[in-house]
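Scroll down for the structure; my scribbles are underneath it.
The values are calculated or read from the model by the stated rules, or taken from the named source; none is laboratory data. Note that the coordinates shown come from a computational prediction; the quantities given were computed from them, not determined experimentally. Positions of Cβ are backbone-derived with ideal geometry, glycine not excepted, and every protein chain shown enters the neighbour counts. Side chains are part of the model used for accessible areas, which takes the heavy atoms of the whole protein and leaves out ligands, DNA and RNA. Shrake-Rupley method; radii C 1.70, N 1.55, O 1.52, S 1.80 Å.
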Amino acid sequence: MYTSITVSQVLRSKGQGFHAIGPEATAYDALDLMAEKNIGALLVVESGRLVGVFSERDYARKVILRGKSSKGTTVKELMSSPPITVGMDTSMRDCMVLMTENRIRHLPVMDKDLLWGVVSIGDVVNTIISEQEKAIQDMENYIAGNEYTREAVSS
């Protein structure tokens, strides 16, 4: 059902792009940017190279629970690294498997060593819902004879 949709198709639909921060920024600065953009994670980029992912989950588990300070802790200390990435031809099913197996919610998209964007768990869920709605509509058309009618009319 949703296995044939690729990362490339999703990025084309939602738009390529991402929000990033440097590894030496503070956790506070990262959270401020995430709140401003209403997102759950930032890609961590140093000298044009992806070095990690910083998420709300990283903050909650590595700052709050350890009694650290948001303003005194760098993104580098908290980020998930090395990042698990996918390519443009990766299926959304494979993204879902990677996210589930690694308990992550964001997958940076790389193509020929270039960072193109990020696929989130929300993108995966939206793809699944869209594909299921299409499958249901196709089945309803088949049951109602609409497919047969269209073919008969076009012949």
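Among the conditions (1) closer than 20 Å to SER4 by Cβ; (2) open to solvent by 70 Å² or more (accessible area, probe 1.4 Å), the only one that VAL124 does not satisfy is (2). Here GLY122 qualifies as under 20 Å from the mean Cα position of the chain (by Cα), outside any strand (DSSP E or B) and not polar (S, T, N, Q). Here are LEU115, LEU43: which of them is in contact with a Phe, Trp or Tyr (Cβ under 6 Å, 6 or more places away or on another chain), under 20 Å from GLN16 (Cβ atoms) and not in a helix (DSSP H, G or I)? Result: LEU43 is the single residue among LEU115, LEU43 that is in contact with a Phe, Trp or Tyr (Cβ under 6 Å, 6 or more places away or on another chain), under 20 Å from GLN16 (Cβ atoms) and not in a helix (DSSP H, G or I). Pick out the one residue from SER81, SER130 that is open to solvent by 30 Å² or more (accessible area, probe 1.4 Å) and within 20 Å of ARG57 (Cβ to Cβ). Only one candidate passes the filter, namely SER81. Scanning region 8-54 for residues that are more than 18 Å from TRP116 (Cβ to Cβ), in contact with a Ser or Thr (Cβ under 8 Å, 6 or more places away or on another chain) and modelled with pLDDT of 95 or more yields PRO23, GLU24, ALA25, THR26, ALA27, TYR28, LEU31, PHE54. Residues in region 9-30 that are buried (at least 17 other Cβ atoms within 10 Å of the Cβ) and part of a helix (DSSP H, G or I): VAL10, LEU11, ALA27, ASP29, ALA30.
Within the bounds of region 35-46, is there any residue that is open to solvent by less than 80 Å² (accessible area, probe 1.4 Å), more than 25 Å from ASN126 (Cβ to Cβ) and touching a residue at least 60 places away in the same chain (Cβ under 8 Å)? Yes, region 35-46 contains a residue that is open to solvent by less than 80 Å² (accessible area, probe 1.4 Å), more than 25 Å from ASN126 (Cβ to Cβ) and touching a residue at least 60 places away in the same chain (Cβ under 8 Å). Pairs are defined by a Cβ separation below 7 Å, a sequence spacing of at least 6 or placement on different chains, a first member in region 87-108 that is in contact (Cβ under 8 Å) with a residue 40 or more places away in the chain, and a second member that is loosely packed, with under 14 Cβ neighbours inside 10 Å; the pairs so defined are SER91/THR3; SER91/SER4; ARG93/THR3.
Residues that are closer than 16 Å to ILE121 by Cβ and open to solvent by 60 Å² or more (accessible area, probe 1.4 Å): does region 59-78 have at least one? Within region 59-78, not a single residue is closer than 16 Å to ILE121 by Cβ and open to solvent by 60 Å² or more (accessible area, probe 1.4 Å).
Entry remark, region 86-104: residues being of a type in the set (Ser, Thr, Tyr) and either open to solvent by less than 60 Å² (accessible area, probe 1.4 Å) or assigned to a strand (DSSP E or B) (or both) number 2 in total.
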